[in-house]
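To start, the structure itself, in structure tokens.
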């Protein structure tokens with residue numbers, strides 16, 4: 001489960017780094033407001049998909065572990 005959590009954090013960091021780089025690469029600081037809003041919406045949507053997928057996997061792992069009487073490690 002810790003591996004999945006680490007994957008989640010790393011995936012979000014990578015997505016953020018890519019979108020921040022894209023912001024400067026595409027010169028969005030000088031772009032129109034609708035363009036900035038669209039870029040922010042895309043960034044948020046991608047992050048949301050990554051987080052939800054990872055949390056579903058983590059929850060499934062926790063449910064499976066709880067069903068076997070495992071004691072969660074802290």
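Below are the figures for this structure:
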read-out	value
Gain upon complete extension [residue 15, residue 37; 0.36 nm per residue less C-alpha separation]	6.2 nm
Residue-averaged [θ]222 nm for the chain, counting only DSSP H segments that reach four residues, each worth -39500 (n - 2.57)	-28500 deg cm²/dmol
Given (i) 16.3, 52; (ii) 13.6, 40; (iii) 17.3, 56, the label whose value is Rg and Dmax of the Cα atoms in Å derived from this model	(iii)
For the chain: relative contact order, % (alpha-carbon pairs under 8 angstrom, 6 or more apart)	52 percent
Of 58, 50, 20, the one that fluctuates the most in a GNM where the chain has Cα springs shorter than 10 Å	20
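Bear in mind these aren't lab numbers, they're just calculated from the coordinates by the rules spelled out. Keep in mind the model is a prediction, meaning the values are calculated, not measured.
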